[in-house]
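The structure appears below as structure tokens.
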Amino acid sequence: MLDVKISRELPYFIDRKLVLSARIAFGAIHIKEHENLTDERTVEYIAGNPYMQYFLGLHEYTDTPLFDPSMMVHFRKRFPAAKIEEINKRMFTEEKPKTPEDEPPPNSGKLVLDATIAPADIRYPVSERFVVTQ
């Protein structure tokens, strides 16, 4: 969702080459702020954590850093505070349209609960079969 909407609005080029996806850039900023890390530590944290790499959209684990810590400066320029606030509003205010499958089925019939029926072959720890004799 983020790549589709934001990438169109914020293409990021250096020397006419497309650099890192919007998901990686925004995700790196989010990880840095959420974990309260420095730029260098953020890059190390992402390189050593497969869950963070999955969060950034990678399909397989890599132990090499995805980018240089100095790229975090460019990411912050790419996503200023106002843009991050706008993204958060989009992410948390959009609602998917309700479909008939989303609604629970209507109640029908009667549920009868009876606790008097239990399997007879359950052995309890007090059974002599579990007692160890020496």
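The values are calculated or read from the model by the stated rules, or taken from the named source; none is laboratory data. Everything numeric in this text was worked out from a predicted model, so none of it was measured. Note: ideal-geometry Cβ built from the backbone for every residue, glycine included; neighbour counts use all protein chains shown.
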With region 37-99 as the region, which helices (runs of 4 or more DSSP H) entirely inside it contain at least 2 residues that are at positive phi? none
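Which one of these is at pLDDT 85 or above and out of contact with any Gly (no Cβ under 7 Å at 6 or more places or on another chain): Pro11, Pro69? Steps first, please.
Values: Pro11 fails: at pLDDT 85 or above.
When all the criteria are applied, what remains is Pro69.
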Looking only at region 33-45, decide whether some residue is exposed (fewer than 15 other Cβ atoms within 10 Å of the Cβ), within 22 Å of the chain's Cα centre (by Cα) and among the aromatic types (Phe, Trp, Tyr). no
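Any idea which residue in region 14-36 is modelled with the lowest pLDDT, counting only those that are outside any helix (DSSP H, G or I) and charged (D, E, K, R)? Can you show your working first?
Applying the first criterion (outside any helix (DSSP H, G or I)) to region 14-36 yields 14-21, 36.
Narrowing further to those that are charged (D, E, K, R): 15-17.
Numbers: Asp15: 52, Arg16: 49, Lys17: 52.
Per the stated criteria, the residue is Arg16.
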